[in-house]
Each structure stands twice: as C-alpha cells, then as structure tokens.
Amino acid sequence: ARNTIFLSSALGFAEVLDARDIFIGVNAVDYSGYPDCRPEFIEAFETLANLATAAGVEGARPFVIHAPLVSMTKAQIITKGLQLGVDYSITHSCYCPAPDGGACGHCDSCRLRAEGFAAAGAPDPTRYAPQEQPE
C-alpha cells in the first residue's frame, strides 16, 4: 500500500499549499502484485481526497490525481523518459536492492524494467548488484 502512503502525504502537502493537482507515477503493468497501481485505485483515492479534507469538502476546486503513466507500456515509459532526458542510470525500480544499492535483477520490478528497456530497444543502464543480472 505504499502508493496510499505517497498519495496521503502528497494530499496533506497539497492542501497546505492550496494546490489541487497531485501527480503519481504508477503503472498498471505493476498490478500483478501491487493493486494500488490500478486506475480504479487512483479514482478511489481522488474521491477520498475530496471527501476527507476541508479543502476538498469546502473548496471550490476539487483535488485531481494525475497518473500519466498508468496505461503506458514499460517500453513507452522508457521511450518517453529518454525523450525527456531522464538519466535512467541514477534510478532503479528494485524492491530488494543489495546493501550497496545495486538492483537485485530478480524481483518483478527489476524484470519488468529490463523487459521495458529491451522492448524499447534501449540499453539498460541499471546498476545491478555484482553477479545479479535480470533473467
């Protein structure tokens, strides 16, 4: 439920700043083990945001949760990031990184990321832990 935590923190911060647009980088491909990556969850949280806060209930402008990556393939996300100049070498998606911070190469997230780079025809700059390459 980490996206619930991320969105809850963002919602509190947005209310203090008087902002109404909240962005999150979830992707439905990750739904296999992470139900808070689904469009239904994002819609439900948006409803909650507008029911659970003074700004949502009393304000003239509702909160809107934006999830621009939710229906993209991993290859599309990689391609768009490269077009925007994302330095993927300083990122990873691993849920089980090694003590040195290298990605494990085996968890679902590592495998999906590696498949995304391959499908996009782009080299994978992910720093994997020694002896750990995605299968």
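With the requirement that a residue be open to solvent by less than 100 Å² (accessible area, probe 1.4 Å) and more than 24 Å from the chain's Cα centre (by Cα), what does segment 57-67 give you?
VAL57, GLY59 - these are the residues of segment 57-67 that are open to solvent by less than 100 Å² (accessible area, probe 1.4 Å) and more than 24 Å from the chain's Cα centre (by Cα).
Taking ALA19, is it assigned to a loop (DSSP other than H, G, I, E, B), on the phi < 0 side of the Ramachandran plot and open to solvent by 60 Å² or more (accessible area, probe 1.4 Å)?
no
Quick one: how many residues across segment 78-103 are of a type in the set (A, V, I, L, M, F, W, C) and either more than 22 Å from ALA28 (Cα to Cα) or surrounded by fewer than 18 Cβ atoms within 10 Å (Cβ to Cβ) (or both)?
Number satisfying all stated conditions: 6.
Using the structure shown, decide if ARG61 is of a type in the set (Lys, Arg) and in contact with a Ser or Thr (Cβ under 7 Å, 6 or more places away or on another chain).
The answer is no for ARG61.
The values are calculated or read from the model by the stated rules, or taken from the named source; none is laboratory data. Small disclaimer: the values here were computed from a predicted structure and weren't measured. Positions of Cβ are generated from backbone atoms using ideal geometry, with glycine treated the same way; all protein chains shown enter the neighbour counts. Note: areas computed on protein heavy atoms with side chains; ligands, DNA, RNA excluded. Shrake-Rupley method; radii C 1.70, N 1.55, O 1.52, S 1.80 Å.
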